[in-house]
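Each remark here refers to the structure printed beneath this line.
The values are calculated or read from the model by the stated rules, or taken from the named source; none is laboratory data. Model, not experiment: these values are computed from the prediction. Please note: Cβ atoms are built from the backbone with ideal geometry, for glycine as well, and neighbour counts cover all protein chains shown. Remember, those area values only see protein heavy atoms, side chains included, never the ligands or the DNA or RNA. Shrake-Rupley method; radii C 1.70, N 1.55, O 1.52, S 1.80 Å.
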Amino acid sequence: MKKILVLTFITFISAESQYPADTLLKSNNTTFMQKIFIYPITQWQRISYNSNAFNCQFYPSCSNYCSLAIKEEGVITGSIIGMDRITRCNPSALFYNQKIDGAYKDSDGRIIDNIKPLLYQKSNKSELAAITLSLIPGIGKIYAGRAYDGFYGVFNLFMSLQGYFFAVKNKNKFIANAFGLSSLFLYASEIYGSWRAVKYYQPKK
């Protein structure tokens, strides 16, 4: 019964597709669990798409990237991939994209960054070493040559854990669970991001 009510609510509030993630939310090929995770993204796009303060430097934008990752890779893997993109969307993004001679969208100059890159630089660095080192947050990305991403990843994880401990202290189980889940995804995204940086984002020799 709860599932039917929630699905009815989501369908009702997103009856008209105005933003990119709305289409995935309404798609019959998107599972109920995926829709639960995509729904907050559709609400964020109603804010970000109507304010120049939230313009994304990537193409597709981080919100579209996250919703597509959840749709294509499932809730858990897609959320981890999305968290990694959010970490990489920091002031060093342009620097790293220039370093690897990355591509840009012709119409507006945004950095092209797909979930599965079509072109990438081969590396002599070990993917296994990147994964192993990333068990200590930030170290794997330093090994991969993306120290700034490592810093922002550690900062995001730290802030999420602070939210979790604050909620636990105040006995707010819902908020604690939300921040706890976010922290797990952020930690996993550090491991995934370190592996991805070694595999895809290495400078040309």
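Numbers below:
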{"read-out": "Qualifying positions in the range 93-115 - more than 18 Å from Ala144 (Cα to Cα), under 15 Å from the mean Cα position of the chain (by Cα) and not β-branched (Val, Ile, Thr)", "value": "Asn114"}
{"read-out": "Of the criteria (1) surrounded by 18 or more Cβ atoms within 10 Å (Cβ to Cβ); (2) at pLDDT 95 or above, which one Gln202 fails", "value": "(2)"}
{"read-out": "Selection within the range 92-103 - open to solvent by 40 Å² or more (accessible area, probe 1.4 Å) and either in a loop (DSSP other than H, G, I, E, B) or in contact with a helix residue (DSSP H, G or I) (Cβ under 8 Å, 6 or more places away or on another chain) (or both)", "value": "Phe95, Asp101, Ala103"}
{"read-out": "Check on Cys66, closer than 17 Å to Pro20 by Cα and outside any helix (DSSP H, G or I)", "value": "no"}
{"read-out": "Yes/no for Asp22 being of a type in the set (D, E, K, R) and modelled with pLDDT of 90 or more", "value": "no"}
